[in-house]
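Here is the structure we will look at, set down as C-alpha cells.
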Amino acid sequence: MAEEEIILTKEGLAKLEEELEDLKVRGRRELAERIKLAISYGDLKENSEYHSAKNDQSFMETRIIILEKMINKASVVDASELSLSKVSVGCTVVLHDIEFDEKLEYRIVGAAEANVAENNISYESPLGAALMGKEVGSVIAVAAPMGEIQYKLLEIRA
C-alpha cells in the first residue's frame, strides 16, 4: 500500500508540530504524575483513577504516533509561491452563493487542517474539489442533500 502524502499549509504544519511538542512534553509529564498518584492509592485491580490515566495515556500515545506520521508525510504548500490564476491548496477564495445572494470566504487546505468553523475547507470536500483548478468568474455547482448549490468564484488570493 502506497504512503499517501499529507498536504498542509505552513500554518497547518506549525500547528501539528506545536501539538506534538505539547503532547510529548506537557502531556506525558502530566499523565506520568496522574499514574504515579493513582498507583499510590494501592490495589490497581479496582483503581479507577489508574485505569483512567492508563487509558488516557494510550489515547495520547496514539495521537503522538499519528502526528509524527502526518508530519513525516507532509507536503507543505507555500502561499507565497501560489499562482492565483486558478484555485489551489493554500489559497483563499471569495464566492457568491447565487441562491442566497451572499458572499462567502474560504481557505482551501489539506484534510488534516480543515475546520469549517474557521472557514478552512479541505480540497477533498465536495466544495473544495469542485473549486480546484477553477478561475475567477467560474460558476461552480456542488451537489448537496438539499439539491445543487451554485457559487460564482469572485476572487482568489493568497
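So the values come out like this:
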read-out: Some residue of the range 36-51 being over 30 Å from residue 120 (Cα atoms) and within 27 Å of the chain's Cα centre (by Cα); value: no
read-out: Residue under evaluation residue 10, criteria (1) within 15 Å of the chain's Cα centre (by Cα); (2) crowded, with 16+ Cβ neighbours inside 10 Å; (3) closer than 25 Å to residue 136 by Cβ, criterion not met; value: (2)
read-out: Filter result for residue 76 (at pLDDT below 95 and aliphatic (A, V, I, L, M)); value: yes
read-out: Extreme residue, surrounded by the most Cβ atoms within 10 Å (Cβ to Cβ), among residues of the range 129-146 that are in a strand (DSSP E or B) and among the β-branched types (Val, Ile, Thr); value: 140
read-out: Residues of the range 50-62 that turn out to be over 27 Å from residue 18 (Cβ atoms) and either surrounded by 15 or more Cβ atoms within 10 Å (Cβ to Cβ) or in the same structural domain as residue 110 (by TED's automatic domain parsing) (or both), as a count; value: 1
read-out: Residue match in the range 61-74 (condition: more than 27 Å from the chain's Cα centre (by Cα) and not β-branched (Val, Ile, Thr)); value: no
read-out: Scope the range 72-94; condition of a type outside the set (S, T, N, Q) and free of Cβ contacts under 8 Å to residues at least 60 places away in the same chain; matching residues; value: 81
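Here is a yes/no grid of residues against (1) surrounded by 18 or more Cβ atoms within 10 Å (Cβ to Cβ); (2) part of a strand (DSSP E or B):
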position	(1), (2)
43	no, no
64	no, no
87	yes, no
95	yes, yes
117	no, no
127	yes, no
148	no, yes
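Per-residue answers, yes or no, for (1) modelled with pLDDT of 95 or more; (2) polar (S, T, N, Q); (3) over 16 Å from the mean Cα position of the chain (by Cα):
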residue	(1), (2), (3)
83	no, yes, yes
90	no, no, no
95	yes, no, yes
99	no, no, yes
102	yes, no, yes
107	yes, no, no
110	no, no, no
122	yes, yes, no
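The values are calculated or read from the model by the stated rules, or taken from the named source; none is laboratory data. The structure displayed is predicted, hence computed values, not measured ones. Here the Cβ is made from the backbone with ideal geometry for all residues, glycine too, and neighbour counts use every protein chain on show.
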